[in-house]
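So the structure is just underneath, and the comments pick up after that.
The values are calculated or read from the model by the stated rules, or taken from the named source; none is laboratory data. Predicted, not measured: the structure shown is a model, and the values here were computed from it. Neighbour counts run over all protein chains shown; Cβ positions are idealised from the backbone, glycine included.
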Amino acid sequence: MTAKYGYRDDDLMGNNRADLMSVGVTFDLPLFTGNRQDREVSAAIADTEALRTDKTLLLRRMRSELSAAITEYIYLYERQAFYLQELLPQVKEQASAALSAYHSDRGDFPSVVKARTSVLNTRLARLKIETSLHRTLADIRYLSAAAMSSTSISPSAEEIKNEK
């Protein structure tokens, strides 16, 4: 609320003029609330769409990671099979041959040690492959479970707008 008093001089002709007093009152009237509500609804819809977009991007990233993990698993599984079926038996056979040659005085001891070390290194490499294989399998299980749980149906922006 405002109040003002103003003193006024005589006019140019010398006539006396009355002093001036004014009073003002201000208050808000909620005349156009529909516009504000429309903005709030629009903001809520935009927030919902942003969340939906974030969820879609996350699902795409997880599916991409799942695909990469499956490819890695297949590669590691093939390497493991190669080590178990071909490489490890060959290395063991070479170590056995080196030991037999040493026992029959046709080979030397460093060859036996080298062959035996090769067997141990091959076993160690196979164990590393198996560890990676199990780690990749755990990733696949996590990503596939997370992708399945996050594909629940959520309302669209139009459905939210119609509810309001």
The stretch 129-147 residues that are free of Cβ contacts under 8 Å to residues at least 60 places away in the same chain, paired with ones that are in a helix (DSSP H, G or I) and basic (Lys, Arg) (beta carbon under 8 Å, 6 or more apart): ILE129/ARG79
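Answer with yes or no whether SER118 is more than 30 Å from ARG61 (Cα to Cα), among the polar types (S, T, N, Q), modelled with pLDDT of 95 or more and part of a helix (DSSP H, G or I).
Numbers: more than 30 Å from ARG61 (Cα to Cα): yes; among the polar types (S, T, N, Q): yes; modelled with pLDDT of 95 or more: yes; part of a helix (DSSP H, G or I): yes.
Yes: the conditions hold for SER118.
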Members of the stretch 91-123 that are of a type outside the set (Val, Ile, Thr) and closer than 12 Å to GLN80 by Cα: ARG123
Number of the exception - LEU143 against (1) closer than 30 Å to THR56 by Cβ; (2) surrounded by fewer than 15 Cβ atoms within 10 Å (Cβ to Cβ): (2)
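For the stretch 7-19, indicate whether the set of residues that are of a type outside the set (A, V, I, L, M, F, W, C), out of contact with any His (no Cβ under 9 Å at 6 or more places or on another chain) and modelled with pLDDT of 85 or more is non-empty. Spell out the reasoning first.
Applying the first criterion (of a type outside the set (A, V, I, L, M, F, W, C)) to the stretch 7-19 yields 7-11, 14-17, 19.
In the following step, the residues that additionally are out of contact with any His (no Cβ under 9 Å at 6 or more places or on another chain) were identified as 7-11, 14-17, 19.
Now narrow it down to the ones that are modelled with pLDDT of 85 or more: none.
No: zero hits.
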Test for GLU72: is it surrounded by 11 or more Cβ atoms within 10 Å (Cβ to Cβ) and touching a residue at least 24 places away in the same chain (Cβ under 8 Å): yes
Out of GLN94, GLN80, sole residue that is surrounded by 14 or more Cβ atoms within 10 Å (Cβ to Cβ), among the polar types (S, T, N, Q) and closer than 30 Å to ALA145 by Cα: GLN80
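Out of all the residues in the stretch 31-46, is one or more farther than 30 Å from SER149 by Cα, at pLDDT below 80 and outside any helix (DSSP H, G or I)?
To start, the set of residues in the stretch 31-46 that are farther than 30 Å from SER149 by Cα comprises 31-40.
Subset that is at pLDDT below 80: 31-38.
Keeping just the survivors that are outside any helix (DSSP H, G or I) gives 31-32.
Checked the stretch 31-46: at least one residue is farther than 30 Å from SER149 by Cα, at pLDDT below 80 and outside any helix (DSSP H, G or I).
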Pick from the stretch 101-117, criterion among the hydroxyl-bearing types (Ser, Thr, Tyr) and surrounded by 13 or more Cβ atoms within 10 Å (Cβ to Cβ), ranking: farthest from VAL91 (Cα to Cα): TYR102
